[in-house]
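Report on the following structure.
Only the coordinates and a few stated rules stand behind these numbers; no lab work does. No experiment lies behind these values; they were computed from the predicted model shown. Don't worry about glycine lacking a Cβ; one is built from the backbone with ideal geometry, like all the others, and counts go over all protein chains shown.
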Amino acid sequence: MANTLYPLWKEGLIQATANTSLGGTVKAVLVDTGSYTYSGTHQFASSLTGTAGIAQPILTKTFVGGLFKGDNVTFTAVATGSGSGTALEAIAIYIDTGTASTSPLVAYFDTGVTGLPVTPNGGNITISWNASGIFQL
């Protein structure tokens, strides 16, 4: 799978539906692609499986010319639910509403992210976004 924006978030954005703004709390979560397979039909964070660590907020967000930028994220003391040695190959971004079943999935990255893939060992994992930004519309 290549890096992509979730189609249902893009549809919601175009239609200005609730919870599509990146102005609120936006989080990133680490994903094991052996447990989760991207689908363009996935809409909410509750669809994610094989996640590891606690989802981290993307801070210092900017939106200029359709470019979404934010601070790198650090996941602390990461172990996977599948046990030590399970690699994490992707990261998903979502808008956090406080409830996974209403938190829209925004983006999915499995290539070109500094820090991935990584095998958790209980230590910190830092994800560095591309210097030019996280994604552009």
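Assorted remarks:
- Zero-based 10 Å bins, Cα pair distances in segment 62-137, whole percents: 17, 42, 35, 6, 0
- Residue order, fewest to most surrounding Cβ atoms within 10 angstrom, among S101, S47: S101, S47
- When both segment 1-43 and segment 109-135 are represented by their alpha-carbon centers, they are found 17 Å apart.
- Set against the labelled values [x] 23, 19, 17; [y] 23, 17, 13; [z] 30, 20, 13, semi-axes √(5λ) of the Cα gyration tensor in Å computed from this structure falls on [y].
- Label point distance in nm, T25-N130, each placed 7 Å from Cα along Cα→Cβ: 2.9 nm
- Environment charge at T60 (Cβ cut-off 9 Å; Lys +1, Arg +1, Asp -1, Glu -1): +1
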